[in-house]
Amino acid sequence: NQTQVQQTATTTSNIKLSLVLTNNLEQNRTIFIWYSTDSSTEKKHITLAKNKTITIDATDKIDLDTNNLYGLKILINGKQINTRAIAYQGGVGKLRFWKHKNPNGKTEIKWEINR
């Protein structure tokens, strides 16, 4: 079962990407996260305990895998995205977040979630 959501936010300045993740589960469970940034092929692994928050910053892109998409509260450059509507039963999820130049030359921030 796969769901994709994509949103475009047009920006006028050269900004960095910032992803803020919070374990928002009601139960006392850990969420596992694997991610890479920019052109790195190395996957970093972190665990996120209940009510804990981490920030991942990048210049051009962030690729993330998690064992519990439903339990994550996600902010992309300060804007919250609703993963609970996408992953209402929890489960494995992938988030991709990147900068893209549109045909007009403006930089856009795009994101996509796959479940």
Estimated FRET transfer efficiency (S18, K50; beta-carbon r; R0 35 Å; 0.05): 0.95
Highest to lowest packing among 46-55, 61-70, scored as the average C-beta count within 10 Å: 61-70, 46-55
Calculated FRET value between D57 and T30, using beta carbons and R₀ = 30 Å, to 0.05: 0.85
Extension gain from R96 to N82, taking 0.36 nm per residue of separation minus the Cα-Cα distance: 3.6 nm
Charge tally in the Cβ shell below 14 Å around I62, where Lys, Arg are +1 and Asp, Glu are -1, I62 excluded: +1
Burial order of peptide ranges 37-43, 22-28 (average beta-carbon count within 10 Å, highest first): 22-28, 37-43
Accessible-area composition of the range 39-115, carbon plus sulfur, in percent [1.4 Å probe]: 45
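The values are calculated or read from the model by the stated rules, or taken from the named source; none is laboratory data. Not measured: the values here are computed from a predicted model. Every residue, glycine as well, gets a Cβ built from its backbone with ideal geometry; the counts of neighbours run over all protein chains shown. Please note that ligands, DNA and RNA were not included when accessible areas were found on the heavy atoms of the full protein model with its side chains. Shrake-Rupley method; radii C 1.70, N 1.55, O 1.52, S 1.80 Å.
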